[in-house]
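Chemist: One structure coming up, written as structure tokens, with questions to follow.
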Amino acid sequence: MITLQNITKQYGLLPVLRGVDLQVGQGEFVALVGPNGAGKTTLLRIVATLLRPTAGHVQVGGWPLPSHAERVRRHLGLVSHQPLLYGDLTAAENLHLTAQLYALPNPEQTVHDALQLVGLGRRAQDFVRTFSRGMWQRLSIARATLHNPEVLLLDEPYTGLDPAGSALLDELLHQQHVLGRTILMITHDLIHGLDVCDRIAILNRGRIAHELDSTAVSPTELLELYRHHTESKPRKP
């Protein structure tokens, strides 16, 4: 579903991505981990059609980017560091706006069901500016999944969630996974990533340093592999 081949990204003379190769199969859940500055968010923004790579080839659902970005966007759901919500609108109004943008049928029921699913049904008519950080995050997830996208892209979705909110998100992501959604998620919580995903890719210094099946390693082994691949000396160009 997602194919990245030799992706590079430079800002002036500063290289951020240095030849990334990564594939995410249809219905697969991949967690992208790595230290700060490794290029994780840049890579996700390229898949989300928000950035163009300096070089390399990107395909989502078989469609090359950026030439078919408009077509691909209708099949993407994105949860980023910016919630893409309006504080002066209610929770329901925010989702109705998304429903209009995607021309969704039966928007009233769709919005109602989405708010119930993320535990915000009772706050549907409250202004979003009154919400806690965790509630903003839950509403962001409702917005990103409202149109039933085939691909979900999540940049640190657990940020700001309390234990109850994290458990709810686990269940939401599990449901999306069971439905066959393809999920690419950035997380700094290695153990949590191990619990919820099929595969983990370690990004370091702008390259995929290692990939592993989440069922093939224990938490201790994952931490050791992560340290090994992020603390090692950079490879020579």
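Chemist: Taking only DSSP H segments of four or more residues, each worth -39500 (n - 2.57), what value at 222 nm results for the chain once the sum is divided by all its residues, to the nearest 500 deg cm²/dmol?
Modeler: The helix-only estimate for the chain comes to -10500 deg cm²/dmol at 222 nm.
Chemist: Which one, H177, Y226, P53, projects farthest toward the positive side of the charge dipole computed for the chain from Cβ point charges (K/R +1, D/E -1)?
Modeler: P53
Chemist: Counting only the backbone N, which residues of the range 166-205 are under 15 Å from the spot 7 Å out from the Cα of A216 toward its beta-carbon?
Modeler: Answer for this model: 198-202.
Chemist: Among 142-151, 126-135, 15-24, how do they line up from the highest to the lowest mean number of other beta-carbon atoms within 10 Å? Before the final figure, lay out the partial values.
Modeler: Numbers: 142-151: 20.3, 126-135: 15.4, 15-24: 18.4.
Order by mean packing, descending: 142-151, 15-24, 126-135.
Chemist: Between H174 and R52, what is the FRET efficiency for a Förster distance of 45 Å, r being their Cβ-Cβ separation, to the nearest 0.05? Mind dumping the intermediate values first?
Modeler: Values: r = 33 Å, r/R0 = 0.74.
The pair H174/R52 has a calculated efficiency of 0.85.
Chemist: For the residue pair A164 and L97, what label-to-label distance in nm results when each label sits 7 Å from Cα along the Cα-to-beta-carbon direction?
Modeler: In this crude label model, A164 to L97 measures out at 2.7 nm.
Chemist: I need T220, T187 ordered by Cβ neighbour count within 10 Å, fewest first.
Modeler: On the way: T220 9, T187 22.
Ascending number of Cβ neighbours within 10 Å: T220, T187.
Chemist: Multiplying the sequence separation of Y86 and D198 by 0.36 nm and subtracting their Cα-Cα distance, what value in nm do you get?
Modeler: Stretched fully, the Y86-D198 segment lengthens by 36.9 nm.
Chemist: Ok, one more. On alpha-carbon atoms, Rg over Rh for the range 59-109 using Kirkwood Rh?
Modeler: 1.06
Chemist: A further question follows. If you average the sequence gap of Cα pairs under 8 Å that are 6 or more apart and divide by the length of the range 33-72, what percent do you get for the contact order?
Modeler: Relative contact order for the range 33-72 comes out at 25 percent.
Chemist: For the range 55-177, what is the charge dipole size about the Cα centre, in debye to the nearest 20, if Lys and Arg each add +1 at the Cβ and Asp and Glu each add -1 at the Cβ?
Modeler: With only Lys, Arg, Asp and Glu charged at Cβ, the dipole is about 160 debye.
Chemist: Related question: Using Cα pairs under 8 angstrom and six or more residues apart, how large is the relative contact order of the range 177-230, in percent? Don't skip to the answer; put the middle values down first.
Modeler: On the way: 40 pairs, mean separation 15.0, N = 54.
About 28 percent, as a whole number.
Chemist: On to the next question. What angle, in degrees between 0 and 90 and rounded to the nearest 10, separates the Cα long axis of helix 219-231 from the longest principal axis of the Cα atoms of the chain?
Modeler: That works out to roughly 60 degrees.
Chemist: Taking the Cα centre as origin and putting +1 on Lys and Arg beta-carbons and -1 on Asp and Glu beta-carbons, what dipole magnitude results for the range 1-135, to the nearest 20 debye?
Modeler: Using only the charged Cβ atoms, the result is roughly 400 debye.
Chemist: Moving on. For semi-axes √(5λ) of the Cα gyration tensor in Å, the listed values are [x] 41, 27, 17; [y] 25, 20, 17; [z] 31, 21, 16; which was obtained by calculation from the structure presented?
Modeler: Answer label, from the structure shown: [z].
Chemist: I would also like to ask the following. Looking at the square roots a ≥ b ≥ c of the eigenvalues of the Cα gyration tensor of the range 1-75, which shape do they give, rounded for a/c under 1.5, prolate if a/b is larger than b/c, or oblate?
Modeler: Since a/c reaches 1.5 but b/c is at least a/b, the shape of the range 1-75 is classed as oblate.
Chemist: Still on this structure, please answer the following. Anyone know which of L14, L95, L78 comes out most mobile in the 10 Å Cα GNM of the chain?
Modeler: For the chain, modelled as a Gaussian network with Cα springs under 10 Å, the answer is L14.
Chemist: Based on Cβ point charges of +1 for Lys and Arg and -1 for Asp and Glu, what charge dipole magnitude is obtained for the range 112-214 about its Cα centre, in debye rounded to the nearest 20?
Modeler: Magnitude of the dipole: close to 420 debye.
Chemist: Normalised by the residues of the chain, what does the relative contact order come to in percent, with Cα pairs under 8 Å and at least six apart?
Modeler: That works out to 27 percent.
Chemist: Next question. Once label points are set 7 Å from the Cα along Cα→Cβ at both H188 and D21, what is their separation, rounded to one decimal in nm?
Modeler: Taking the simple label geometry, H188 and D21 are separated by 3.1 nm.
Chemist: If you average the alpha carbon positions of the range 1-74 and of the range 141-190, how far apart do those two centres end up, in angstrom?
Modeler: So the two Cα centres are separated by 19 Å.
Each reported figure results from applying straightforward, stated rules to the coordinates on display, with no laboratory input. Computed from a predicted model, the values in this text were never measured in an experiment. Quick reminder, even Gly has a Cβ in these numbers, built from the backbone with ideal geometry, and neighbours come from all protein chains shown.
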